[in-house]
Amino acid sequence: MDDRKKKDKRKAALNEHKGAKLEFMANKRRENRDRRTGEQVQEKKHNNAPQDVPQLPEDMLAGRNAVMEALKGSSRINRLMIANGSNEGSVREMVAIAKDKGIPVQFVERTKIESIARGIRHQGVLAQVAPVEYVELEDILQVAKDKNEPPFILLLDELEDPHNLGAILRTADAAGVHGVLIPKRRSCPLSATVAKTSAGAVEYVPVARIGNIVQTIKALKNEGLWVAAADMDGKDYHDSDLTGPLLLIVGSEGQGVGRLVKEQCDFVVSLPMVGKINSLNASVAASILMYEAMHQRRKNN
């Protein structure tokens with residue numbers, strides 16, 4: 001009897017072990033099946049995912065037709081880039097139109113254009129465009145006239161940093177500046193970076209491109225504007241009269257206002273400093289002076 005019980009007990013233990021082994025193997029098969037299914041799903045998703053397509057930077061145009069149409073009907077082009085060796089009739093016509101409009105033309109290696117075009121068919125021609133249309137100087141003067149306010153215009157003398165330009169436009173909008181002037185050459189143009197930094201102000205502050213700064217200053221003097229430049233050797237801005245028709249000039253980040261430009265100004269203003277650093281970021285300096293002008297103009301009314 002005892003032997004029979006022992007035998008039954010061993011048989012039960014064997015069956016239990018066998019059942020556990022079968023369950024283990026079944027679980028393994030399920031895990032393998034689930035893994036294969038997961039891999040198939042991932043592969044299917046990958047195969048069905050949209051493939052990367054060539055895409056131009058948002059401030060560039062590529063191809064002769066697109067660039068030609070923009071040259072003929074828009075004032076947004078900042079510069080033209082043409083591959084060395086491209087001299088067909090259509091290219092010569094584009095260059096002629098660009099030069100007639102004062103748009104800088106750069107002849108560069110084709111590899112540079114290809115690196116910018118990122119696979120887009122370019123035909124050796126690219127154009128960098130502004131996010132908004134430029135205006136004319138007369139348009140800015142008309143803005144002040146329509147508001148029945150003395151003109152308040154900011155001129156940036158060869159400012160090169162797009163982040164500074166964007167920050168200045170943002171403050172210009174807040175401080176009631178009627179428009180901003182930037183040189184066509186050796187100056188930062190309107191761009192996607194400028195637009196982003198301006199937090200939308202680029203849509204509301206008119207920007208005009210000018211050729212010769214000295215000639216522009218003389219023209220605005222004839223319109224009755226006083227011209228003030230920001231420079232270290234000027235008079236304390238608190239003691240300067242920034243009311244009335246005003247053209248305020250702020251220089252580049254490194255060189256400041258050029259000598260020839262400064263000679264054309266009616267007066268020079270400076271920001272007093274008592275620290276170890278003897279200069280401010282261009283956008284900071286411009287912001288302080290714009291707000292001082294706004295304060296004086298509001299107080300004068």
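The values are calculated or read from the model by the stated rules, or taken from the named source; none is laboratory data. Everything quoted here is computed from the prediction, not taken from an experiment. Please note: Cβ atoms are built from the backbone with ideal geometry, for glycine as well, and neighbour counts cover all protein chains shown.
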So for region 90-100 (the condition being part of a loop (DSSP other than H, G, I, E, B) and of a type outside the set (Phe, Trp, Tyr)), does at least one residue qualify?
no
Test: Glu93 is at pLDDT below 85 and either β-branched (Val, Ile, Thr) or touching a helix residue (DSSP H, G or I) at 6+ places or on another chain (Cβ under 9 Å) (or both):
no
Can you name every residue in region 271-295 that is in a helix (DSSP H, G or I) and buried (at least 18 other Cβ atoms within 10 Å of the Cβ)?
Ala282, Ser283, Ala285, Ala286, Ser287, Leu289, Met290, Glu292, Ala293
Of (1) within 16 Å of the chain's Cα centre (by Cα); (2) not in a helix (DSSP H, G or I), Arg186 satisfies all except one. Which?
(1)
Out of the residues in region 252-270 that are in contact with a strand residue (DSSP E or B) (Cβ under 7 Å, 6 or more places away or on another chain) and under 11 Å from Ala282 (Cβ atoms), which is surrounded by the fewest Cβ atoms within 10 Å (Cβ to Cβ)?
Gly256
With the structure loaded, tell me whether Gln255 is closer than 27 Å to Leu80 by Cβ, under 30 Å from the mean Cα position of the chain (by Cα) and free of Cβ contacts under 8 Å to residues at least 60 places away in the same chain or whether it fails that test.
no
Given the criterion among the charged types (D, E, K, R) and within 18 Å of Ala175 (Cβ to Cβ), identify the matching residue among Asp231, Asp236, Asp241.
Asp241
The conditions are (1) in the same structural domain as Leu247 (by TED's automatic domain parsing); (2) over 20 Å from the mean Cα position of the chain (by Cα), and Thr111 fails exactly one of them. Which is it?
(1)
